[in-house]
Amino acid sequence: MRRSHWQPSIELPSLLEKLWFEDIQKETRPSPIGPTLGEEGLDGFYQTLSNPGRILQIPRVNKRVPCENQVTGVDLEKESVEALDTRTPSYIQRLPVDLWIDEIFIHLTIEDVICLRRVNKTLFLITHEPIIWKRFLVRLSIPIPPLRPSLRWSLDLTSFQIEQLVVKAICADDNWRRLSPKLSYTRVVFAFYEVLEMKLLPGGQYMVASVKDTASRRFYICIFCLDHPDPNFPPLARLPLPTKAFNIEARFLPWHEGRPGIMIMYSQRTPEDGHLRGYDLSELSARPEVDPPYPLRHDCLCTFVDMEALELLSDPSITRKSQAFRDRAAALPQPFQYVIHFVSNAPIEQPSLFESDGRPFAAVVQRPNEIVIMDLLTNQLSSIKCPRIPVFDNAEHKIRAIRVLPKQNQVLVIRTLRLRKIDQHQDQHTMELHTLPNAGVLGVVSLPDDYALITNRNATSIHISDNYEPLIGPDHPFKHDPKARPPPLSIYVCGEELEGMEHFNIDPVLSHDGYWFYDLDWYVEQATVKDPKYGVRIIPGVHRALVYTVPCDDRSDMPKIKSLGRYFNTEYQLADYPYGHPPQGDLSVVRQRYLRPEHEHVPFRLNSTAFQHIAETGCSAITWDESTGRVCIATQKNLKFLIMDVKKTVAPDDRFAQWRRLQTMLNSEL
């Protein structure tokens, strides 16, 4: 019997990667003049400060210290005693820590805090106080990485995580505003297996991947922690599968008793009669247009992973080779918990996970015209069937994309009318709003409540932006107003060959009773992105999107990506995105911000040789997190995958918490 299990003891070869805070064991004379923001914005400023010897060009002296901390390798007691030396002639260093935090730091920007971090050990430790970065996070008025539902806001042990959120949000937003955006930090991660598909969770820390071994005999679902300071950290958990998993979808959702976790949805294909007849189904494309050699059974499965267990195993203060880590992994229950298993003799596509009134749901398209809604708490199924349009009755009708809108009890459906099969030059597409079925009602023929027509478009793919609302933990600050104006829905139609990508926008409308809803009467063609040489493809987000180009004649599952670029929705209304004048929302957080860029689409500057390899050999999987700007790409027959970030990640540093405990002890003795 196959069993899923945690991964406590896998050995990894060392990777060529350095932590961002490389000067933890080094001592540098403070600079009389702090660095300025410059052209690179806060991300360049932050990365420059992480290497102070490069700015000041001051000789640095390595200090050999006992390795007593598992994260930083620093003798914490020795450094804490030196930092708390009351014999110092500097009276400002004798100020209580609370005075620094509550009276001084509230008037400083992030750049000021980082400059103070370079002065001496005392200020280095104080500037890691969690409340400083929590205040910055609450005052931000830009899209921020969603707080993981299991993140305990009130605990001091998450100080580095809060700092990560602040810096990632500002650096990603600055990079999106910059006239010449770039992905400046690239690293290669060993994955143990070939990555077939992958999905980043919001925030970019956890990634769910469908993998296989090099012999294509064993298949798994793996969960990776990408922000762990150990570069050799293995997958947190894996689920053995009988065959390849595709159409991966993952999302933070609550399950029984409101437990926060990751809901994972995937599809599989097996012979209808159980006999393979010598064929390897893992070699078939995940696209539903494939012609199978014999009738297949299509399975859609959902599984749940508890966030508390993931947080315990990804704790940066415990190394994976320690006995404490092994004891934690052994004490945990099986990581993957079965939720629902949906079986069909027709292809299943367009998987979607969403939440309604605190309950988790899933939705899929069962070809040719049925949308199935699954209640993941009661396992109850509901479905609607989209009828054919009488005017185009001779044309094939195919559902290309769906997006469930639970707040208005509707589902947005994009269908393609294959007019080219009846001797017309171009296809047409319909946007339809259908009412969701009642619980337990199956096969209801649903006439659209509203519809609109997209004419004369030949599309290789169609995408709808997400309407994701982050989960709020029990002690999280209120960061989402349910009555606030939601972002517009974006529909991306990727044309064939050099037709480019067309963006259509549906703005939300305020009803008479004070609720926002989407109306197709307000849809408008927003922009068209074209490339003179390559076809344009897109990975949508809520507010932003990642655009990449591929050769026009490359229709394989492993396209050769020629470029990556940013794309933002110009209709996304936020006071922090001004037209022609400086922003007002974040002046108390950072010194300077970029203005809104003039062009929606601009390619990234890429200096990675690994990306050049992908451009030549093709990619087997690509995923992206819009809140942090992180991009992950995998290639065929390779046990590694590439991570590209807008900046290096802040390394965890828990010296302040231990110094604070030592300070309390010293004060009690005085």
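The values are calculated or read from the model by the stated rules, or taken from the named source; none is laboratory data. None of the values given here were measured: they were computed from a predicted structure. Glycine gets a Cβ as well: all are built from the backbone with ideal geometry, and neighbour counts include every protein chain shown.
So the check is Cβ under 6 Å with 6+ separation or different chains; which pairs have a first residue in region 115-130 that's over 17 Å from Val166 (Cα atoms) and a second one that's among the basic types (Lys, Arg) and in a helix (DSSP H, G or I)?
Matching pairs, first to second residue: Phe124/Arg117; Leu125/Arg655.
Six or more apart or on different chains, Cβ atoms under 8 Å: show the pairs whose first residue is in region 417-441 and surrounded by fewer than 18 Cβ atoms within 10 Å (Cβ to Cβ) and whose second is assigned to a loop (DSSP other than H, G, I, E, B) and hydrophobic (A, V, I, L, M, F, W, C).
Short answer, once both residue conditions are applied: Arg418/Ala395; Lys421/Ala395; Ile422/Ala395.
What number of residues within region 359-389 satisfy the criterion of being surrounded by fewer than 21 Cβ atoms within 10 Å (Cβ to Cβ) and in a loop (DSSP other than H, G, I, E, B)?
The qualifying residues number 10.
Between Arg269, Arg320, which is surrounded by 12 or more Cβ atoms within 10 Å (Cβ to Cβ), charged (D, E, K, R), more than 22 Å from the chain's Cα centre (by Cα) and part of a strand (DSSP E or B)? It would help to see each step written out before you state the result.
Numbers: Arg320 fails: part of a strand (DSSP E or B).
Step by step, each of Arg269, Arg320 is checked, and only Arg269 is surrounded by 12 or more Cβ atoms within 10 Å (Cβ to Cβ), charged (D, E, K, R), more than 22 Å from the chain's Cα centre (by Cα) and part of a strand (DSSP E or B).
Of all the strands (runs of 3 or more DSSP E) wholly in region 205-255, which have at least 1 residues that are among the aromatic types (Phe, Trp, Tyr)? Break it down into steps so the answer makes sense when it comes.
On the way: elements: 206-212, 219-225, 237-241, 246-254.
The strands (runs of 3 or more DSSP E) meeting that bar are 206-212, 219-225, 246-254.
From Gly278, Gly258, which residue is surrounded by fewer than 17 Cβ atoms within 10 Å (Cβ to Cβ), closer than 25 Å to Gln337 by Cα and either of a type in the set (A, V, I, L, M) or at pLDDT below 85 (or both)?
Step by step, each of Gly278, Gly258 is checked, and only Gly258 is surrounded by fewer than 17 Cβ atoms within 10 Å (Cβ to Cβ), closer than 25 Å to Gln337 by Cα and either of a type in the set (A, V, I, L, M) or at pLDDT below 85 (or both).
What number of residues within region 336-358 are in a strand (DSSP E or B) and at positive phi? Before the answer, list the steps.
Step one: list which residues in region 336-358 are in a strand (DSSP E or B), which gives 336-344, 348-356.
Still in the list and also at positive phi: 350.
Final tally of qualifying residues: 1.
Table: residues versus (1) of a type outside the set (D, E, K, R); (2) under 15 Å from Tyr548 (Cβ atoms); (3) modelled with pLDDT of 70 or more; (4) surrounded by 12 or more Cβ atoms within 10 Å (Cβ to Cβ).
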| site | (1), (2), (3), (4) |
| --- | --- |
| Pro578 | yes, no, no, yes |
| Asp586 | no, no, no, yes |
| Arg593 | no, no, no, yes |
| Arg605 | no, yes, yes, yes |
| Gln612 | yes, yes, yes, no |
| Ala615 | yes, yes, yes, yes |
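Would region 459-468 turn up any residue that is part of a strand (DSSP E or B), at pLDDT 90 or above, in contact with a Phe, Trp or Tyr (Cβ under 6 Å, 6 or more places away or on another chain) and farther than 16 Å from Asn369 by Cβ?
yes
Working carefully through the options Ile106, Ile101, Ile114, find the one that is within 28 Å of Arg139 (Cβ to Cβ), modelled with pLDDT of 75 or more, in contact with an Asp or Glu (Cβ under 9 Å, 6 or more places away or on another chain) and part of a helix (DSSP H, G or I). Please lay out each step first, then the result.
Numbers: Ile106 fails: in contact with an Asp or Glu (Cβ under 9 Å, 6 or more places away or on another chain); Ile114 fails: in contact with an Asp or Glu (Cβ under 9 Å, 6 or more places away or on another chain).
Testing whether each residue is within 28 Å of Arg139 (Cβ to Cβ), modelled with pLDDT of 75 or more, in contact with an Asp or Glu (Cβ under 9 Å, 6 or more places away or on another chain) and part of a helix (DSSP H, G or I) leaves just Ile101.
Of the numbered conditions (1) farther than 17 Å from Gly261 by Cβ; (2) at pLDDT 90 or above, Ala324 fails exactly one; give the number of that condition.
(2)
Pick from region 497-520 the residues that are charged (D, E, K, R) and part of a loop (DSSP other than H, G, I, E, B): which of them is nearest to Pro406 (Cα to Cα)?
Asp513
Residue by residue through region 419-470, note down the ones that are touching a helix residue (DSSP H, G or I) at 6+ places or on another chain (Cβ under 9 Å) and under 22 Å from Ser356 (Cβ atoms).
Passing the criteria: Leu433, Leu436, Asn467.
Can you tell me which of Leu296, Leu301, Leu313 is in contact with a Cys (Cβ under 9 Å, 6 or more places away or on another chain) and either surrounded by 18 or more Cβ atoms within 10 Å (Cβ to Cβ) or of a type in the set (Ser, Thr, Tyr) (or both)? Walk me through how you get there before you give the answer.
Numbers: Leu296 fails: in contact with a Cys (Cβ under 9 Å, 6 or more places away or on another chain); Leu301 fails: in contact with a Cys (Cβ under 9 Å, 6 or more places away or on another chain).
After ruling out the rest, the residue left standing is Leu313.
Does Ile399 count as crowded, with 21+ Cβ neighbours inside 10 Å and closer than 15 Å to Tyr451 by Cβ? Don't jump to the end; show me each part of the working.
Details: crowded, with 21+ Cβ neighbours inside 10 Å: yes; closer than 15 Å to Tyr451 by Cβ: yes.
Criteria met by Ile399.
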